[in-house]
Amino acid sequence: MFRQRLAQVEDRIEKAAARSGRLRRDVTLIAVTKTFPAVSIIEAYEAGLRDFGENYVQEFDQKLPLLSHLTEARFHLIGHLQSNKSRKASDLFQTIQTIDDQKLARRLNEHRTPDQVLDVMLEIKLAEEESKHGVAPEAAGALVDAVRSQPNLRLLGLMTIPPWTTDAEASRPYFVRLRELGEKLGTSALSMGMSNDFEVAIEEGATHIRVGTALFGSRKRP
Ligand SMILES: *Cc1c(COP(=O)(O)O)cnc(C)c1O
């Protein structure tokens, strides 16, 4: 079941990359495993996936002891991070994609050392939705400077979550804006695109797509 879904996702990625003159290897597929048990991560790893996205520090803290044999796995925090959980998050994750303020950046920097640099992305809020976190595009430049001045953080790029829609084309303007913002700020990674719209994201330059439902099926409501 998982391998069939993975094959379908891979086919969609390859076609989108080919359409837009991009290489498959320039797009990292992040398997989003929130609400799924550790065995789902192990199954995905055995099928060849190496990048995993989790939303909740505490949920992932419970799974990680079961995953220590997955030596090549990279775990990305893609959910909002409260600064009081920053130490735990720094212990658990290789990449934190949801930096949205300077205080959080400084805290994470304190938990690392120059030979244990933490990879980070800035979460950009492109739509005015109350439930969404992220830094406003106008404030992103100052946050980029603040993150770059922290010796123990490495800024990979930007991530965003457009308003949820079943119409993938509705996400395109957000993906375009994230790419343009990245060009302006001189960052390279673009984490954008989920099960419903990742082909459009790839067409617009996504370097990381975050895919849950298309790989694992629908989640039970928490
Ligand atoms: C849950 C989640 C995803 C995956 O969404 P699907 O629609 O299941 O692919 C991607 N990114 C973030 C930030 C998420 O919270």
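None of the figures in this text is laboratory data; all of them are computed from the coordinates on show. Please read these numbers as outputs of a predicted model, since none were measured by experiment. All Cβ positions, glycine included, derive from the backbone under ideal geometry; neighbour counts span all protein chains shown.
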* Asked: Just for the range 199-215: of the residues that are within 8 Å of the ligand (Cβ to nearest atom) and not in a loop (DSSP other than H, G, I, E, B), which one is nearest to ARG74 (Cα to Cα)?
  -> ARG210
* Asked: Going by the conditions given, is LEU185 surrounded by fewer than 24 Cβ atoms within 10 Å (Cβ to Cβ) and either more than 8 Å from the ligand (Cβ to nearest atom) or touching a residue at least 60 places away in the same chain (Cβ under 8 Å) (or both)?
  -> yes
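From ILE124, ILE202, grab the single residue that is crowded, with 22+ Cβ neighbours inside 10 Å, over 22 Å from SER90 (Cβ atoms) and touching a residue at least 40 places away in the same chain (Cβ under 8 Å).
The match here is ILE202.
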* Asked: Which number in (1) within 9 Å of the ligand (Cβ to nearest atom); (2) in contact with a Gly (Cβ under 8 Å, 6 or more places away or on another chain) marks the one condition that LEU190 misses?
  -> (1)
* Structure fact -> With criteria (1) assigned to a helix (DSSP H, G or I); (2) within 16 Å of the ligand (Cβ to nearest atom); (3) surrounded by 21 or more Cβ atoms within 10 Å (Cβ to Cβ), GLN97 comes up short on (1)
